[in-house]
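Here is the structure we will look at.
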Amino acid sequence: MPPHIGYTLPKIQILILSSNKFDGLIPASLLNAYQMQWLYLGQNSLTGPAPFFGSLPNLEELQLSYNMLDLGDWGFISSLSNCSRLTRLYLAGNNFQGELPSSIGNLSSSLEILWLRDNKISGPIPPELGNLKNLNTLYMDYNRFTGSIPATIGNLKKLVVLAAAQNRLSGTIPDAIGNLVQLTDLKLDAT
């Protein structure tokens, strides 16, 4: 990707560059495109850490799925708490590993879709995930999550799809799943 794209297109609002053969790092200059609303970079060969997109206050949709990105200390997720308009976050199919931080619960209250599938995320599912009350689609399958599903999942009353299959989860399914009256798709099959 052109390294100065954010400087040459500072007023860009929608940038869709999915399904190309871009490789290397995501240009840091994109963080200067303050009016960015949709950024689609999925299905490329991008590497390195995901930038801290929190400097893009108008960001509504971020698609980074199916690249070769990593996260380091997960500060990327914390930075997204500044994106109060974020409704769709696609992070599937990367090289994200380690424990999902509790700061996941600080993402936009407008968030409707969260894709974390096909990574190497381990450890427990943070109970703070239950703060994302507008979620209707949550894909966490094909990771390495352990422990039980937190009861706070029952706070996600708009959830239609919950996929947590192919992890290392254990324990009982929380009764709070019964609060998900909109749920049509529940995937919890084991490895």
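List of remarks:
- What the range 10-168 shows is 40 Å² of accessible area per residue, with the surface traced by a 1.4 Å probe over protein heavy atoms.
- Label-to-label distance, Q13 versus T184, with points set 7 angstrom from Cα along the beta-carbon direction: 3.1 nm.
- Projected label points at D23 and S84, each 7 Å from Cα along the beta carbon direction, are separated by 4.2 nanometres.
- FRET efficiency estimate (nearest 0.05) - Cβ-Cβ, T172 to S110, R0 22 angstrom: 0.10
- Between M68 and H4, the simple spin-label model (points 7 angstrom out along Cα→Cβ) gives 2.8 nm.
- The range 82-138 - percent of accessible surface contributed by carbon and sulfur, probe 1.4 Å: 38 percent
- Share of carbon and sulfur in the accessible heavy-atom surface of the range 1-51 [1.4 Å probe, %]: 61 percent
- Highest mean first, the peptides 66-73, 136-143 sorted by other C-beta atoms within 10 Å per residue fall in the order 136-143, 66-73.
- T47-E99 FRET efficiency (beta carbon distance; Förster radius 22 Å; 0.05 resolution): 0.50
- Extended-chain gain in nm, criterion 0.36 nm per residue less alpha-carbon gap, S122 and K158: 10.4 nm
- Directionally averaged projected area (the range 54-166, Cα convex hull): 5.9 nm².
- Here Cα extents along the principal axes in Å was computed from the coordinates, and among (1) 53, 28, 26; (2) 80, 50, 29; (3) 58, 35, 26 the match is (1).
- Given K120/K158; K157/K187; K158/K187, the pairs whose alpha carbons are separated by over 25 Å: K120/K158
- Rounded to the nearest 500, the 222 nm mean residue ellipticity of the chain from helices alone is -1000 deg cm²/dmol, with -39,500 (n - 2.57) taken per DSSP H run of at least 4 residues.
The values are calculated or read from the model by the stated rules, or taken from the named source; none is laboratory data. A quick note: this is a predicted structure, and the numbers were derived from the prediction, not measured. Using ideal geometry, Cβ is built from the backbone for each residue, glycine included, and neighbour counts are taken over all protein chains shown. These area figures cover heavy atoms from the full protein model, side chains too; ligands, DNA and RNA do not enter into them. Shrake-Rupley method; radii C 1.70, N 1.55, O 1.52, S 1.80 Å.
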